[in-house]
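One structure is given here, and the rest of the page talks about it.
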Amino acid sequence: MYDRFQGLIFDMDGTLLDTEPTHRLAWRQVLSQYGMTYDEHAMVALNGSPTWRIAQVIIENNQADMDPHHLAALKTAAVEAMLLDSVTPLPLIDVVRAYKGKRPMAVGTGSEHRMADALLRHLGLRDCFQAIVGADDVKRHKPEPDTFLRCAELIGVAPKDCVVFEDADFGIQAAQSANMAWVDVRKL
């Protein structure tokens with residue numbers, strides 16, 4: 001179905017891997033320590049953003065005085081403590097398996113590089129991808145195109161010949177800005 005593309009690029013959280021319930025639980029655990037809350041439905045709009053940016057919005061919404069990078073680090077530690085035990089692949093993994101060895105593939109995620117690498121290794125999927133670009137690998141994050149442009153560069157495929165699989169509006173905007181085709185996996 002995607003044979004016309006020379007490179008396939010996948011978002012990770014919510015696209016390849018079902019990590020969202022664990023992320024939500026980690027946010028609740030960390031925020032409860034500070035008497036803060038967050039609106040899960042409103043946070044969906046921030047999917048694909050780096051954790052510190054989500055932390056910044058939560059802090060602003062709670063009118064708290066806290067360093068968003070510190071809050072993000074606490075949340076990341078909470079996720080890491082439980083994610084390897086709870087993560088499962090989503091159905092799109094069948095596309096990855098179908099194109100393994102046939103097309104270069106990359107993961108472009110708002111998660112940290114080392115976390116993406118650990119999760120993919122844990123599930124036996126790391127060798128499917130020639131590259132991972134995490135939030136800590138670029139300066140400008142989704143909806144900016146940098147994550148996906150770096151993926152294309154690392155797999156050696158021109159952006160116009162890539163397709164991006166995404167589950168978030170910011171990621172789709174990033175793919176469009178990168179001049180890449182895209183698939184909204186929420187509609188599959």
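Does the stretch 153-166 include one or more residues that are outside any strand (DSSP E or B), free of Cβ contacts under 8 Å to residues at least 60 places away in the same chain and crowded, with 18+ Cβ neighbours inside 10 Å?
Yes.
Restricting attention to the stretch 86-109, does a residue exist that is touching a Lys or Arg at 6+ places or on another chain (Cβ under 7 Å), closer than 25 Å to HIS69 by Cβ and modelled with pLDDT of 95 or more?
No, every residue in the stretch 86-109 fails to be touching a Lys or Arg at 6+ places or on another chain (Cβ under 7 Å), closer than 25 Å to HIS69 by Cβ and modelled with pLDDT of 95 or more.
Search the stretch 69-83 for residues that are among the polar types (S, T, N, Q) and pair each with any residue that is in a helix (DSSP H, G or I) and crowded, with 19+ Cβ neighbours inside 10 Å when their beta-carbon atoms are under 9 Å apart and the residues are at least 6 apart or on different chains.
Listed by first residue and then by second, the contacts come to THR76/ALA26; THR76/THR51; THR76/MET115.
Pick from the stretch 124-144 the residues that are among the acidic types (Asp, Glu) and touching a helix residue (DSSP H, G or I) at 6+ places or on another chain (Cβ under 7 Å): which of them is surrounded by the fewest Cβ atoms within 10 Å (Cβ to Cβ)?
So the residue we want is ASP136.
Working only within the stretch 111-145, note down all residues that are more than 14 Å from the chain's Cα centre (by Cα), outside any loop (DSSP other than H, G, I, E, B) and among the basic types (Lys, Arg).
ARG121, ARG126
At least 1 residues that are surrounded by fewer than 19 Cβ atoms within 10 Å (Cβ to Cβ) and not assigned by the TED database to the domain that holds ASN179 in each: list the helices (runs of 4 or more DSSP H) lying fully within the stretch 1-105 that qualify.
20-32, 40-43, 51-61, 68-86
The values are calculated or read from the model by the stated rules, or taken from the named source; none is laboratory data. Since we're looking at a predicted model, the values are computed, not measured. Quick reminder, even Gly has a Cβ in these numbers, built from the backbone with ideal geometry, and neighbours come from all protein chains shown.
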